[in-house]
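The values are calculated or read from the model by the stated rules, or taken from the named source; none is laboratory data. If you're wondering where the values come from, they're calculated on a predicted model, not measured in any experiment. Here the Cβ positions follow ideal geometry from the backbone for every residue, glycine too, while neighbour counts run over all protein chains shown. Surface accessibility is based on the protein's heavy atoms, side chains included, excluding ligands, DNA and RNA. Shrake-Rupley method; radii C 1.70, N 1.55, O 1.52, S 1.80 Å.
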Amino acid sequence: MKGWRSMKNIVSAATAGFMEKNDVLVTVEPSQKGIEVELTSDVERQYGEHMRDLIRDTVKEAGYDNVKVTATDKGAWDYTIIARVLGALQRGGQA
Amino acid sequence: MTDPKTRLSRTMMFVPGNSPKMINNCDINGADSIMLDIEDSIPVTEKDTARILVAEALKSRKFKAETVVRINHPTQTPFGIDDLKTILPAKPDLIRLPKTECVEEVELVAGMIAEEEKKNGWPEGTINIICAIESVKGLYNVREICHGPRMVAIALGAEDFIADIKTQRTKYGIELYFARSTILMAAREAGIRCIDTVYSDVKDMETFRDEVTKIRDMGFDGKSCIHPKQIEVVHELFTPTEKQIAHAVKVLASYADAVKKNKGVIAVDGKMIDGPIVVRAQRIVDAARAAGIKVEMETKA
């Protein structure tokens, strides 16, 4: 659903995913500076920008703001990155 | 569109729903169906992320195989309803309901599917149901379950079933004979697919081969698989031999000729041909074609 809605915030730091091949370990934590993305990946030079944008868009689409996302990528495909970000947000968004 | 009640269903490959590596590769071994699991292969602490991963995989990827998601039981566990809420919008072909014990459980899942289809404007029957029978209670209700709404297939889940009847798996399979027969009859009565349980010792391919031969001869449509090398064996055993195909073609050609010439009794290679033999011949030709074999029909002058 597009359009206006109140932004959600992370209640506590949370993690989703694993340090395994084709996966990405994502940690989200509260931040004061909008959406921040810290990415580590072997393919950062080729796909870093795309991955950062994907993470930022996923956080925005899910309705969150003021989140710091730390992602350690092990060759994850896009759907896995989206799923792990959503998983971490869901976990961190719970009181 | 392929009829979901009768489509080719030789192999259903089990894929843990929290492993991106396995999900990425699950469609390359030619399984007829892939079953993304968020039930028994996923620890309770990872159910939430597994269901999101499976949903995102289904939304973003096109699978050649039929897609099946095994959810947690919607009333026996606290996870099943949330599984459905996350998975249904991702439009899998089938929801697999584990440990099914009565038709009311099927109705509950079917109701949630109907709501999702209506909400998205999808045609009715976009998402269907396969149930697994894993207990004596489920087995005793299997006929009613097979006739439940959106039911297109039934499967046997042997590990829980044999625990319920207080025995263990054997190589000769006597412990599952009654359950397999009962489920198969119920499936045939309802006109739906019937899929056998997994064989978990992936190193013992000889027993696996025997088991697949046995269930094929009983009448099952296919087998659940947990390793790519099992897929190859099942497809080999479920594909008709050249001799069977040649005979089937001959039977169908003679039958067509008899119908055309209004002949009452026909024989092929000295054996009388009647209705069931023609049906079986047609099934052999269909199975061969489904396996990618080009079968040309003979026409009699």
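Once R0 is set to 51 Å, what does the formula 1/(1 + (r/R0)^6) return for the Cβ-Cβ distance between B:Glu189 and A:Met19, expressed as a FRET efficiency to the nearest 0.05?
On the way: r = 50 Å, r/R0 = 0.99.
Efficiency computed from Cβ-Cβ geometry: 0.50.
Residue ranking by accessible heavy-atom surface, 1.4 Å probe, largest first, among B:Asp217, B:Asp160 comes out as B:Asp217, B:Asp160. Residues in the protein assembly as shown average 50 Å² of solvent-accessible surface per residue, probe 1.4 Å, ligands and nucleic acids excluded. Residues of the stretch B:22-52 that bury at least 50 Å² of accessible area once all protein chains are present, compared with their chain alone (1.4 Å probe, heavy atoms only, ligands and nucleic acids left out), are B:Asn24, B:Thr49, B:Ile52. To the nearest 10 degrees, how steep is helix B:228-238 against the longest Cα principal axis of chain B, on a 0 to 90 scale? Its long axis makes an angle of about 30 degrees.
Here the protein assembly as shown is treated as an ellipsoid with the same Cα gyration tensor; its semi-axes, largest first and in whole Å, are 46, 23, 20. Under a model in which nothing but the beta-carbon of Lys, Arg (+1) and Asp, Glu (-1) is charged, chain B shows a dipole of about 1080 debye around its Cα centre. Okay, helix-only estimate at 222 nm for chain B: each DSSP H run of n ≥ 4 adds -39500 (n - 2.57), divide by all residues, round to 500 deg cm²/dmol; what do you get? That calculation yields -14000 deg cm²/dmol at 222 nm.
Give me the percent of accessible area attributable to carbon and sulfur for chain A, probe 1.4 angstrom.
Working: 2640 of 5370 Å².
Here it works out to 49 percent.
Hey, any idea what % of the stretch B:88-222's accessible area is carbon plus sulfur with a 1.4 Å probe?
Values: 3130 of 5930 Å².
In the stretch B:88-222, the share of accessible area belonging to carbon and sulfur is 53 percent.
Using the structure shown, list the pairs from B:Lys214/B:Lys243; B:Lys214/B:Lys294; B:Lys99/B:Lys119; A:Lys8/A:Lys68; B:Lys243/B:Lys294; A:Lys74/B:Lys85 with a Cα-Cα distance above 24 Å, or answer none. Correct reply: B:Lys214/B:Lys294; B:Lys99/B:Lys119; A:Lys74/B:Lys85. The base-10 log of I(q)/I(0) for the stretch B:61-162, evaluated at q = 0.11, 0.22 Å⁻¹, reads -0.30, -1.16 [Debye formula, identical scatterers on Cα atoms, solvent excluded]. Pick from B:Ile52, B:Ile95, B:Ile145 the residue whose mean-square fluctuation is largest in a GNM of chain B, springs joining Cα atoms under 10 Å. Checking each option, the largest mean-square fluctuation is seen for B:Ile52. With K and R counted +1 and D and E -1, the other residues having a Cβ less than 14 Å from that of B:Lys229 yield a net charge of -2. Between helix A:44-61 and chain A there is an angle of about 20 degrees, using the helix long axis and the longest principal axis of the Cα atoms. Taking a sphere under 11 Å around the Cβ of B:Thr6 and counting the other residues whose Cβ falls inside, with K and R at +1 and D and E at -1, yields a net charge of +1.
Where Rh denotes the Kirkwood radius from the mean inverse Cα pair distance, what is Rg over Rh for chain B? So for chain B, dividing Rg by the Kirkwood Rh gives 1.01. For the stretch B:66-104 and the stretch B:42-64, what is the centre-to-centre distance using only Cα atoms, to the nearest Å? Taking the Cα centre of the stretch B:42-64 as reference, the centre of the stretch B:66-104 is 13 Å away. Seen from every direction in turn and averaged, the convex hull around the alpha carbons of the stretch A:1-66 projects onto 5.4 nm².
Stokes-Einstein D for the stretch B:1-144 at 25 °C, 0.890 mPa s, Kirkwood Rh over Cα pairs, in µm²/s? Approximately 159 µm²/s, per Stokes-Einstein. Against the main long axis of the alpha-carbon atoms of chain B, helix B:103-120 sits at an angle near 80°. Return the whole-Å distance between the Cα centroid of the stretch B:211-288 and the Cα centroid of the stretch A:1-79. For the stretch B:211-288 versus the stretch A:1-79, the Cα centre distance is 54 Å.
Taking both sides together, what accessible area is buried at the B/A interface, probe 1.4 Å, expressed in Å² and rounded to the nearest 100? Before the final figure, lay out the partial values.
Values: alone 15060 and 6100 Å², together 19760 Å².
In total, chains B and A hide about 1400 Å² from solvent.
In the stretch A:19-65, burial by the other protein chains removes 50 Å² or more of 1.4 Å probe accessible surface, compared with the chain on its own, from A:Asn22.
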